[in-house]
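Comments concern the structure below.
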Amino acid sequence: MAGSRKQTPDGMGDRLFAGMAAERRVLRELEAVFEAAGYRQVRTPGLEYLSVFESKAAYFPEEELYKLADAGGRLLAVRPDNTIPVVRLAATKLQGGGLPLKLYYEQNVFRRQPEHRGRHTETMQAGVECIGEAGFASDVEIIELAARSLAASYAGQFRIEIGHVGLYKELVRRLGLDEAARERIHSYVTSKNYAALEEALDDAADREAGALLLKLPGLFGAGEALDEAQALFAGAGEEIGQMLRYLKQVTSELSARGFGDQVMLDLGLVNQAEYYSSLVFRGYGESAGEPLLSGGRYDTLFRDFGEDLPATGFGINVDLLTEAALRAEEQGAGPAGSGEGDAGTRAEAKPLRVALTKGRLEKDFSDLMERAGYDVSPLREKGRRLLMPIPGAGIEIFLAKAPDVVTYVEHGVCDIGIVGKDTMLEQGGTYYEIMDLGIGGCRFALAAPKGSRVLCGEAPTSVATKYPEFAARHFERLGLDVRIIRIDGSVEIAPLLGLADAIVDIVETGTTLKENGLEVAGTIREISARLIVNVTGMKLRKAEIEAFAARLKAAGENG
Ligand code: PRP
C-alpha cells in the first residue's frame, strides 16, 4: 500500500521550533563534554554500501536494515549504526594518523521496527569513538566520559551499568548451537525477551550453560551482583574468573573517581551489535523508560576493514534527551545533571505504577495483594475508574488489556506489569520478568473436535489461534508445516465452522472446550501470571520494586 502524502512513515517524524531548540541545547551540552576530552567531529554519509554492515559477524539483523540500490545496481544500506561507518572512515581516510584517534559524531541512524509499537525507526545519536587504545585506563576513561555526558545533559538521576560480553559469548559457545539458533538466542537476549529465550533453551544440549544463561540477566546492581556471579560461575573456568575480576577493578576505580553511586554492574548486558568484544555498558536515566546510552569495547571490528586497532566508544540517544529537555523547560529546570541530591529524591517520591491485566487476573491479583497486607478497596470498588492509588502504599494500579500491559511496561509509563505468560510468549518485548506470581494458572494446548484425526496424534494442517507467533514457533520446532490462522477471540468455534482443523489456545477449567465439542490433543506448556518490570525502572527503583515483589511472594507462599 502506498503511504499517504500527508503522513510520515511509522517511527519517524518532523521536529518543530521548540523541539529544534531543545535538540540544539542537548547537542551543545554533549559537544562541550566531548571536545573538552579532546574529541573532534566527523560526519559520514547517510548511505553506505550494504557490505559495510555485513560481515562474518552479521552485525545487524537483515530485517532491521533499510536497503536500496544505486544507479549501477549496487546494494546500499541506510546506516543503522554510527560506529561501523566511523571505523570505515578511520581505517581509510585517517590511516597513519597519530593514535589514539578521538572522534565524535552527531547523526541519525535508521532501523526498521515492528509497526505501530511506538518504537522509533529514526534516531538522532551523538557519540564518541576512541581508536587505538586498549587496556584498563582507556576502559575507565570512556565510562567516565559516558557518565560526564549524562551528567551534563537532561538525563536526571542516572546509572551506568557495565558488563562483559565475554560471559555471554562463553555460555553460548558451550551450548554448541548452529548459527540460526545462535542468532535467535542473540536477538532474544538483546531484546530481553526471556519468555522466548527460555523456550529456545529447552532444546539446548548443555543444560548447565542454558541455566546459567537464563540467570545472567538477574545479575545486576552493586557489589552483591558480583558476589552472586562469582558463586554461580565458580568452577566455570579461569577465563570467566578473570572477566569478573576485571569488572570489579573497573567499578572500584570509577567509584574512587566519585561515580560510586552511578556505576553499577549488569552481567546480563549484551548489546545488539555483535562487534563488541569485552567490556560493554549502558546508561539509564529517570527521564526515559528506554536506555539513553550504549557502548563498549570492540577490539576486532577494525580487522574487517584491514586494520588491527583496539577501540571503544558509546552512542547517546539524543531524541530521548531532547524530549527530557522539553519537559524540563516546561517545568522551568535546566540540565538536571549530577545524578545526585534532589534528582534522587524526586524519583523515589513518585508512586510505583502497576499495569494489571483486566479480567480474570484482576480478582486473583487483588486477593494476593490483600493477603500481602495492602488495602485493595479501590480495586474492589473501582466502578469505571482505570487508575487506582493503593492507600498508604506508594502504589498506583492501572487496568489494561494484556498486550497493552506489555506495551506500557516497555515504554516505561508503568514500572510494573501483571500479565500472563501466554501474552509474553506471543508478544515478546523488552522488560525484566522477575517473578512467577503463582496465580492465573492454565496451559497452552492443542485441541480438536471429538473424533478428529488430530486427537489420534495426526498433525493438524491448519490451526486457528489468538497466539499466531507462539503457535508458529511451536510447529516450527516440531518440524511441522501447519497453516496458522489468526483469530481474535472465541477460537473454539473455528473448527466447528470448518475454518481450521484444530486450535491452539489457553485452557483453564476445560469448560469452553467441552461445551463446544473439542478435546485436548496435547498440552504445549503450563502458563501463569508474571510480574514484569520496565528495564530503566528496575535500575533506578530496584529496592522499592523488590520490596513489593517480596511482599507478594511471601503472601503467595502463605496463602
Ligand atoms: C480463554 C480461552 C478459552 C477459555 C478457556 O478465553 O481463549 O476460550 O478462556 O477457559 P476454560 O478452560 O476455563 O473454559 P477468554 O475467556 O479470555 O475469552 P476470548 O476467547 O473471548 O478471548
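Per-structure values
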item	result
Residue, farthest from the ligand (Cβ to nearest atom), within segment 468-506, restricted to residues that are of a type in the set (Asp, Glu) and outside any helix (DSSP H, G or I)	481
Residue among 408, 374 that is of a type in the set (Phe, Trp, Tyr), over 20 Å from residue 526 (Cβ atoms) and open to solvent by less than 30 Å² (accessible area, probe 1.4 Å)	374
Flag if residue 466 is under 27 Å from residue 404 (Cα atoms), open to solvent by less than 50 Å² (accessible area, probe 1.4 Å), of a type in the set (D, E, K, R) and in contact with a strand residue (DSSP E or B) (Cβ under 7 Å, 6 or more places away or on another chain)	no
From the options 453, 486, 551, residue that is more than 22 Å from residue 203 (Cβ to Cβ), open to solvent by 70 Å² or more (accessible area, probe 1.4 Å), touching a Gly at 6+ places or on another chain (Cβ under 9 Å) and not hydrophobic (A, V, I, L, M, F, W, C)	551
Residues within segment 16-46 that are in a loop (DSSP other than H, G, I, E, B) and either loosely packed, with under 13 Cβ neighbours inside 10 Å or hydrophobic (A, V, I, L, M, F, W, C) (or both), tallied	6
Helices (runs of 4 or more DSSP H) completely within segment 186-270 that count 1 or more residues being surrounded by fewer than 20 Cβ atoms within 10 Å (Cβ to Cβ), in contact (Cβ under 8 Å) with a residue 60 or more places away in the chain and of a type in the set (Ser, Thr, Tyr)	238-254
Residues of segment 507-532 satisfying the condition of being crowded, with 19+ Cβ neighbours inside 10 Å and free of Cβ contacts under 8 Å to residues at least 24 places away in the same chain	none
In segment 345-359, residue farthest from the ligand (Cβ to nearest atom) [restricted to those that are at pLDDT 90 or above and surrounded by fewer than 17 Cβ atoms within 10 Å (Cβ to Cβ)]	351
Selected residue (only one of 559, 522 is touching a Gly at 6+ places or on another chain (Cβ under 9 Å), farther than 26 Å from residue 401 by Cα and within 16 Å of the ligand (Cβ to nearest atom))	522
Filter pass, residue 535 being open to solvent by less than 30 Å² (accessible area, probe 1.4 Å), more than 16 Å from the ligand (Cβ to nearest atom) and at pLDDT 95 or above	no
Tally of residues being in a helix (DSSP H, G or I) and either open to solvent by 30 Å² or more (accessible area, probe 1.4 Å) or of a type in the set (Asp, Glu) (or both) across segment 411-428	4
Qualifying residues in segment 150-168 (those that are assigned to a helix (DSSP H, G or I) and out of contact with any Asp or Glu (no Cβ under 8 Å at 6 or more places or on another chain)) - the one farthest from residue 290 (Cα to Cα)	167
Residue match in segment 291-302 (condition: at pLDDT below 95, part of a strand (DSSP E or B) and either open to solvent by 50 Å² or more (accessible area, probe 1.4 Å) or over 22 Å from residue 19 (Cα atoms) (or both))	no
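The values are calculated or read from the model by the stated rules, or taken from the named source; none is laboratory data. Bear in mind that the values here come from a model prediction, so they are computed numbers and not experimental data. Here the Cβ is made from the backbone with ideal geometry for all residues, glycine too, and neighbour counts use every protein chain on show. Each accessible area value is taken on the protein alone, full model and side chains, heavy atoms only, with ligands, DNA and RNA left out. Shrake-Rupley method; radii C 1.70, N 1.55, O 1.52, S 1.80 Å.
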